[in-house]
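One structure is given below, encoded as structure tokens.
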Amino acid sequence: MKENLISELSFNFSLSIIKLYQDLTRKNEFVISKQLLRSSTSIGANITEALDAFSKRDFAFKMSIAKKEARETHYWLRLLQESSLLHKNMKPYIDDVESIIRVLTSIVKTTSENLKKNP
């Protein structure tokens, strides 16, 4: 259930970041915009790989990579917010990625605990 939720959340988040990326490139901001695009779309790509993992350890590993990418995305969004490179409210994006981080943290924690019980 959580895996389907996180897959959908990450996909929709990526779509919103693609639009934000387009806004940034229209303002001639190419460095941070590219970093943001790469890290944000990597979240969903790693989740997709995790859902097709060959073991529970592989699943946990790929979900933890997705979580790291989400944290990196959070960083870029905060940087955009504080720098005012784009005069746009970043809070909805930050709230979305924080939700994704919470779900991923829960998935990784639960999977890791289950692996300790049943290696």
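Test GLU29 against the criterion of being out of contact with any strand residue (DSSP E or B) (no Cβ under 6 Å at 6 or more places or on another chain) and assigned to a helix (DSSP H, G or I), and give yes or no.
no
Could you list, in sequence order, the residues of the stretch 72-85 that are free of Cβ contacts under 8 Å to residues at least 60 places away in the same chain, over 29 Å from SER55 (Cβ atoms) and either among the hydroxyl-bearing types (Ser, Thr, Tyr) or in a loop (DSSP other than H, G, I, E, B) (or both)?
Scanning the stretch 72-85 gives TYR75, SER83, SER84.
For the stretch 86-111: of the residues being crowded, with 17+ Cβ neighbours inside 10 Å and in contact (Cβ under 8 Å) with a residue 60 or more places away in the chain, which is farthest from LEU5 (Cα to Cα)?
Checked the stretch 86-111; the qualifying residue farthest from LEU5 (Cα to Cα) is LEU86.
Specify the residue that is surrounded by the fewest Cβ atoms within 10 Å (Cβ to Cβ); the eligible residues are those in the stretch 30-45 that are over 18 Å from LEU86 (Cα atoms) and not charged (D, E, K, R).
The selected residue is ALA45.
I'd like the full set of residues that are closer than 28 Å to ASN114 by Cβ, over 10 Å from the mean Cα position of the chain (by Cα), part of a helix (DSSP H, G or I) and not polar (S, T, N, Q), limited to the stretch 32-62.
If the condition is that a residue be closer than 28 Å to ASN114 by Cβ, over 10 Å from the mean Cα position of the chain (by Cα), part of a helix (DSSP H, G or I) and not polar (S, T, N, Q), then GLU49, ALA50, LEU51, LYS56, ARG57, ASP58, PHE59, ALA60, PHE61, LYS62 are the ones that fit.
Per-residue answers, yes or no, for (1) open to solvent by less than 40 Å² (accessible area, probe 1.4 Å); (2) closer than 14 Å to VAL103 by Cβ:
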| position | (1), (2) |
| --- | --- |
| SER14 | yes, no |
| ASN28 | no, no |
| LYS56 | no, no |
| PHE61 | no, no |
| ALA70 | yes, yes |
| LEU79 | no, no |
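So ASN114 ticks every box in (1) in contact with a His (Cβ under 7 Å, 6 or more places away or on another chain); (2) farther than 21 Å from ASN12 by Cα but one. Which box is left unticked?
It fails just one condition, (1).
The values are calculated or read from the model by the stated rules, or taken from the named source; none is laboratory data. These numbers come from a predicted model, not from an experiment. Methodologically, a virtual Cβ is constructed for each residue, glycine included, from the backbone with ideal geometry; neighbour enumeration extends over all protein chains shown. Quick note on the areas: whole protein, heavy atoms, side chains included, nothing else; ligands and nucleic acids left out. Shrake-Rupley method; radii C 1.70, N 1.55, O 1.52, S 1.80 Å.
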